[in-house]
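**Student:** First the structure, which I've put down as structure tokens, then a few questions once you've had a look.
The values are calculated or read from the model by the stated rules, or taken from the named source; none is laboratory data. Predicted, not measured: the structure shown is a model, and the values here were computed from it. Heads up, the Cβs are rebuilt from the backbone with ideal geometry, glycines too, and the neighbour counts pull from every protein chain shown. Heads up: the accessible areas ignore ligands, DNA and RNA and are worked out on the full protein's heavy atoms, side chains in. Shrake-Rupley method; radii C 1.70, N 1.55, O 1.52, S 1.80 Å.
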Amino acid sequence: MKITVLRQGKETVREIALEMVLIGRGGGTGAPDLGLSADPYVSRKHAMLTERHGAIWIEDLGSKLGTTVNGKPIQNRGEWRLRPSDVIVMGETTLRMEPSSPPPTPAPASSLTDAQGRTEFHLMVAPDPEPLRTRPVAAAGRRALVLDAVSGSVIVSSHGQE
């Protein structure tokens, strides 16, 4: 993954060929994959980045001063999916991420039919489900289910209005 690090006006870009990247200040046992030792407000083991299926996830590892994504604290929230425009702040350091591989292409919609051959259900798998949260996904009289392609979680389950 490509990581852009900005601290005190200095920007550096790192390309790290790992699926999991430990971010921290270092010291003690186990050096971090992305060392931010110049920032005294970053914990020794501050956060973990994980790249899966073209998406990058971040998890704060119980750091003392926390991690924010676009200004929102993510401590004690488990993994947080990052978007290309997200800004991550830990201590006095700002990070931006880009995945090594492009996100997966959407799977084609599938339909289930009833015994009379009528379309009963449409299934879509969305690599970026955000736009689907705010617009209708089911036509009148139809039902739709949208899954996040990375996590497999249900994003939208809707019934079209007549």
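**Student:** Taking 0.36 nm per residue of separation and subtracting the Cα-Cα distance, what length does fully extending L6 through T68 add? Could you put the intermediate results ahead of the total?
**Tutor:** On the way: separation 62, 0.36 × 62 = 22.32 nm, distance 1.46 nm.
Working it through step by step, the gained length comes to 20.9 nm.
**Student:** Using the Karplus curve 6.51 cos²θ - 1.76 cosθ + 1.60 with θ = phi - 60°, work out ³J(HN,Hα) for each residue of region 6-23 in order, rounded to whole Hz, and write x for Gly and Pro.
**Tutor:** Running phi through 6.51 cos²θ - 1.76 cosθ + 1.60 with θ = phi - 60° gives 10, 8, 6, x, 9, 10, 10, 10, 10, 10, 10, 8, 10, 7, 10, 10, 7, 10 Hz.
**Student:** What does the accessible area of D33 come to, in Å² to the nearest 10, when a probe of 1.4 Å is used?
**Tutor:** 60 Å²
**Student:** Set Lys and Arg Cβ to +1 and Asp and Glu Cβ to -1, take the dipole of region 14-96 about its Cα centre, and tell me which of G62, L22, S85 lies farthest positive.
**Tutor:** It is G62, whose Cα lies furthest towards the positive end.
**Student:** Ok, one more. Please list, by residue number, every one of the trypsin sites (Lys or Arg not before Pro) in region 34-66 that is coil in DSSP and has at most 13 other beta-carbon atoms within 10 Å. Don't jump to the answer; show the numbers that get you there.
**Tutor:** Working: sites: R44, K45, R52, K64; in loops: R44, K45, K64.
Passing sites in region 34-66 are K64.
**Student:** Tally Lys and Arg at +1 and Asp and Glu at -1 over the other residues with C-beta under 11 Å from the C-beta of R52: what net charge comes out? Present the calculation step by step, with values, prior to reporting the outcome.
**Tutor:** Working: positive: R81; negative: E19, E51, E79.
With Lys, Arg at +1 and Asp, Glu at -1, the net is -2.
**Student:** With θ taken as phi - 60° and the coefficients 6.51, -1.76 and 1.60, list the Karplus ³J(HN,Hα) couplings across region 40-49 in order, rounded to whole Hz; mark glycine and proline as x.
**Tutor:** Each residue's phi maps through the Karplus curve to give x, 9, 9, 6, 4, 10, 8, 8, 10, 9 Hz.
**Student:** Okay, next question. Just to be sure I understand the model, the point goes 7 Å from the Cα along the line to the Cβ. What's the resulting A17 to A31 distance in nm?
**Tutor:** 1.8 nm
**Student:** At a probe size of 1.4 Å, how large is the accessible area of M48, to the nearest 10 Å²?
**Tutor:** 40 Å²
**Student:** Solvent-accessible area per residue for region 17-106 at a 1.4 Å probe radius, Å²? Walk me through the numbers before you get to the answer.
**Tutor:** On the way: 4800 Å² over 90 residues.
With the other protein chains kept in place, region 17-106 gives 53 Å² per residue.
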